[in-house]
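Reviewing the structure listed below.
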Amino acid sequence: MNAALLIIALTALGALLLGLRARRGKDMDLEQWSVGGRGFGTILVFVLMAGEIYTTFTFLGGSGYAYGHGGPAFYILSYGCLAYIISYWLLPPIWRYAKQHRLISQPDFFARKYDSSALGVLVAVVGIVALIPYLVLQLKGLGIIVATASYGSIGSTPAIWIGAAVVTAYVMVSGVHGSAWTAVVKDTLILAVVLFLGIYLPLKEYGGYTAMFTAIEAAKPGFLALRPTGESIAWFDSTVLLTGLGFYCWPHTFGSLYTAKEERAFRRNAALLPLYQLILLFVFFVGFAAILKVPGLTGGDIDLALFRLSLQHFDPWFIGVIGAAGVLTALVPGSMILMSSATLLANNLYRAFRPDAEDRTVTNLARGLVPVVALVAVWFTLSGGTTIVALLLMGYAFVTQLFPCLVASLLPHNPVTREGAIAGICVGVATVAATSLTHTSFATLFPTWPEGVRDLNIGIIALVLNLVALTVVSAVTRRRAAVPAE
Amino acid sequence: MAWVRYLAALPFLGLLGGVFFFNRVTPLVFGMPLLLAWIVLWILLTAAIMTIIYQCDPANADEPARRTPR
């Protein structure tokens, strides 16, 4: 066993013990298990909400996107910033309503606001379909990280099994308490590792940032800005806006916002999180440093840029530390996703058809479903296939379709009816599925229109059709409701 | 101080509108490509703006701790 593998194994073991220990002194009913009894202070809420953002996607994908795409990677920095601004006004009313009605999950919120259990089931199904590929992505990343950082002494398949088993164990026992405490460790480690790499590697390889970016600009002019076509300004603006709106529509994000003890935590975080996400800047610097030093990675391999460059510089023990940080970026969000999926299945699908089920039964069912969901995700991860990639791209677009009726439900007089909300979500989700599966884009729909239109993110069409359906159906059903029954 | 909250619109203008004017690599600013420096500037300004909004929002004023029965 080499030093790197030892460090990664110890970290995984530490995460497991910390996660299991987190339940101590808690009576685990569903409210305690899923949303921590709504007793988390600012710091735990902060790491939970920030922790969901710093996933394997940002660690490997962020550096890989900077390496492979250059300037367009900056969109990742921008959408978070806008989402945090929205969060200042969006999250407190959601939290207040959830606390008042003792809501556990995201579908609970929609079902209660619109007084419609059908809407709750719909939102739960959309959430599960979006969450599973997200979990698969974390497990895939975990496999890559462990296989690379252990110098191949553990393959990615056993790593995925072990990782899934660790998460399953502590989620079943501790629920969100386990995620919160491992998130604290993860954020500390990732902050230290990323800052170090993002400063050390450009200095060591080029002598400084100015020299590094000058060299990249000389070798690939314009690579560090948006493209004239394709990933252009229109692409950037539409993608940043859509992703920013979808940011808080994930089921596991609702779960972590319900954990807060007081609503001020969200407003305070809205000012802190933009600064915190500047960590991504250093992730990008690593990716940029790799452009000229480990050239030739293409396709899915661009995600390996960070590790390939690090392997040239550091001893095995430090590769182990990077690997350990990477493993935690997979385990923590993975645990939140796993718990949310199990909660949705038990609390929003099972209970919808068995309204008289006791709380005890639903709690036990949710915990019992954790290994089932984990097995499904492992199966998808190992069987690979292109379907899951397509699903993954759709996931974000799916949950974004919840945004219009979420915002409408927070207005003093909600103009949207339950039929309108259901119609809007169905039309939006169907449009996303249709455009993704047929690889439709604005460029294929309007080949002769100017660049400014052709490069727009296709998700806009789904959102517009969603709004149209929501408005029309709401208007019709509202008028019918206004006619006095005779 | 209710007008202060409208400051929150500025980062949207800066980030979504600014790219039309600053989508360039050179000149490097603090060693960063111009577009990246512009985005980083707006992230810092966003943090500042949200801090101001937080400070001016009466909802965040310290109130005597309410005892909520659990």
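The values are calculated or read from the model by the stated rules, or taken from the named source; none is laboratory data. All figures in this text were calculated on a predicted structure; none of them were measured in a lab. Virtual Cβ from ideal backbone geometry, glycine too; neighbours counted across all protein chains shown. To get the accessible areas, we keep the full protein, side chains included, count just its heavy atoms, and leave off ligands, DNA and RNA. Shrake-Rupley method; radii C 1.70, N 1.55, O 1.52, S 1.80 Å.
Structure values in brief
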| item | result |
| --- | --- |
| Top-ranked residue of the range B:1-33 - restricted to ones that are facing another protein chain (nearest Cβ under 8 Å) and outside any loop (DSSP other than H, G, I, E, B), ranked as most open to solvent (accessible area, probe 1.4 Å) | B:Phe20 |
| Filter pass, A:Phe196 being aromatic (Phe, Trp, Tyr) and either within 14 Å of another protein chain (Cβ to nearest Cβ) or surrounded by 23 or more Cβ atoms within 10 Å (Cβ to Cβ) (or both) | no |
| Unique match (being closer than 22 Å to A:Thr239 by Cα and at pLDDT below 90) among A:Thr444, A:Thr477, A:Thr431 | A:Thr444 |
| Total residues in the range A:235-260, condition facing chain B (nearest Cβ under 10 Å) and of a type outside the set (S, T, N, Q) | 5 |
| Close pairs (8 angstrom Cβ cut-off, 6 or more residues apart or separate chains): facing another protein chain (nearest Cβ under 10 Å) in the range A:279-293, open to solvent by 10 Å² or more (accessible area, probe 1.4 Å) and modelled with pLDDT of 90 or more anywhere | A:Leu281/B:Val40; A:Phe285/A:Ile199; A:Phe285/A:Tyr209; A:Phe288/A:Tyr67 |
| Conditions (1) in contact with a strand residue (DSSP E or B) (Cβ under 9 Å, 6 or more places away or on another chain); (2) outside any helix (DSSP H, G or I); number of the one not met by A:Phe213 | (2) |
| Some residue of the range A:142-157 being closer than 30 Å to A:Ser441 by Cβ, in the same structural domain as A:Asn347 (by TED's automatic domain parsing) and either open to solvent by 50 Å² or more (accessible area, probe 1.4 Å) or aliphatic (A, V, I, L, M) (or both) | yes |
| Within the range A:73-103, considering residues that are open to solvent by less than 10 Å² (accessible area, probe 1.4 Å) and among the hydroxyl-bearing types (Ser, Thr, Tyr), the one nearest to B:Leu41 (Cα to Cα) | A:Ser78 |
| Lone unmet requirement of (1) open to solvent by 40 Å² or more (accessible area, probe 1.4 Å); (2) more than 30 Å from B:Met50 (Cα to Cα); (3) within 24 Å of the chain's Cα centre (by Cα) for A:Tyr350 | (3) |
| Segments classed as helices (runs of 4 or more DSSP H), wholly inside the range A:2-70, with at least 1 members that are basic (Lys, Arg) | A:3-21 |
| Matching option when the condition is of a type in the set (A, V, I, L, M), in contact (Cβ under 8 Å) with a residue 40 or more places away in the chain and touching a Pro at 6+ places or on another chain (Cβ under 7 Å), among A:Val129, A:Val123, A:Val176, A:Val146 | A:Val123 |
